[in-house]
Amino acid sequence: MIVFIECVLSILLIAVLGKAAESLFSEIGMQEIYFTTESGERIERDAIIEVARTDRGYQLYYDIYPEATSDKSVTFRSNKPDLVEVDDTGYVTFFDDVDVAITVTSKNGKSATIVLVPKRNNQGTVVLD
């Protein structure tokens, strides 16, 4: 009878430890990805940013939460790749003054999208709508 109780307790302990390890793993996995300003201020999902066209491009910044995420690699995608290109670092090059949606996607499928709207007046400022 004692052996039976020890076996049951061992099974319960293994189940509890396994659940704790699974919980810890999901906590350090990617929970969220979002765009930020250059200074690190969070930009809400699906935000619209007006971009001053003082040069051909604009650098996108992003952050992954939690910070302890092991694989922080992402891909960028433009919804108008013939007119607006985005490279592996998030630098966007405009070949035409068109509004464009840029999506950043992590290895585990989390994503965030931002719409860039080039200004036509070249005042040299970036304004959050």
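Laid out as a table, the results:
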item	result
From Val98, Val117, Val92, Val104, residue being over 24 Å from Asp63 (Cβ atoms) and either modelled with pLDDT of 85 or more or in contact with a Lys or Arg (Cβ under 6 Å, 6 or more places away or on another chain) (or both)	Val98
Close pairs from region 96-107: first without any contact (Cβ under 8 Å) to a residue 40 or more places away in the chain, partner surrounded by 20 or more Cβ atoms within 10 Å (Cβ to Cβ), Cβ under 6 Å, at least 6 apart	Val100/Val84; Val100/Leu116
Every residue from region 64-79 that is surrounded by 15 or more Cβ atoms within 10 Å (Cβ to Cβ) and within 18 Å of Ala47 (Cβ to Cβ)	Ile64, Val74, Phe76, Ser78
Given (1) surrounded by fewer than 10 Cβ atoms within 10 Å (Cβ to Cβ); (2) of a type in the set (S, T, N, Q); (3) at pLDDT 65 or above, index of the condition Ser23 fails	(3)
Qualifying residues in region 69-121 (those that are in a loop (DSSP other than H, G, I, E, B) and of a type in the set (Lys, Arg)) - the one nearest to Ile49 (Cα to Cα)	Lys119
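The values are calculated or read from the model by the stated rules, or taken from the named source; none is laboratory data. Note that the structure is a prediction, hence the values are computed from the model and not measured. Don't worry about glycine lacking a Cβ; one is built from the backbone with ideal geometry, like all the others, and counts go over all protein chains shown.
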